[in-house]
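K.L.:
Before we start, here is the structure in question, set down as structure tokens.
Only the coordinates and a few stated rules stand behind these numbers; no lab work does. Source: prediction; values computed, not measured. With ideal geometry, Cβ positions are generated from the backbone for all residues, glycine too; neighbour counts draw on all protein chains shown.
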Amino acid sequence: MKKKPPVQLEFALRDETLLSRELEERIGTPVMVTLTDNASTVMSMRRNRADGSLTLRLHHMFLYATGTVVAALAAWIKRPRCKRSGAVIDAFIRENRHMVRRVAKPVRDLRTSGAVYDLRQMYEELNSAHFEGAVAAAITWGKRPAPRRRRSIRFGSYSRDENLIRLHPYLDQDFVPEFFVRYVVFHEMLHAYLGIEESESGRRRIHTPQFNRLERRYPDYEKADAWQRNPANLRRLLR
């Protein structure tokens, strides 16, 4: 089956020069926009007392702002305490919070070579084939849990704070097919690639329509989904 190329998720309609020009036209004052990837302060402003020009530091998410948001930004520059423009900007930031990179916590004791499967090799192959090498998360086998009776298993997880993918060590067995392990790695890499969306209420959305659509394009999706739905396979994993 021919692999489909990854889709571009966002299209920037401007660069920092164009954004500076848009704001200058709206407020009538020279503006120099500097783009940042700051996780704690997404916008800040400094005025030059000598000539009245403005230096505006904005998170790169503002490259994707609509005209309404740019107008609100211009109004905020003129009147920083304006509640109406502040509300528009706050809503835009909430909707695009998934674009803010969090500083990853240090990761220790990565274990990619298992008894059966090498996660590093799978990760690199999948990253090249489906993400154009854009995923930068670390990957490891998780720690083996304490023995106890189980009714379910979480095959994998992605921690945004650590920027780390973990796979359950029970998948590192001969009877678990390679196509299924690769699918789980792909699934978690997709989480790392797309990030986590937040609604206006602050509720996180992980499996969004976009996520589900891209996941179903994975070549072995149906085969992997059928394998995990087979009760016999689950029982064997939980022994």
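K.L.:
In percent, what relative contact order does segment 119-237 have, based on Cα pairs under 8 Å that are 6 or more apart in sequence?
P.N.:
Across segment 119-237, relative contact order equals 22 percent.
K.L.:
If you rank VAL100, VAL185 by fewest surrounding Cβ atoms within 10 Å, what's the result?
P.N.:
In increasing order of surrounding Cβ atoms, one gets VAL100, VAL185.
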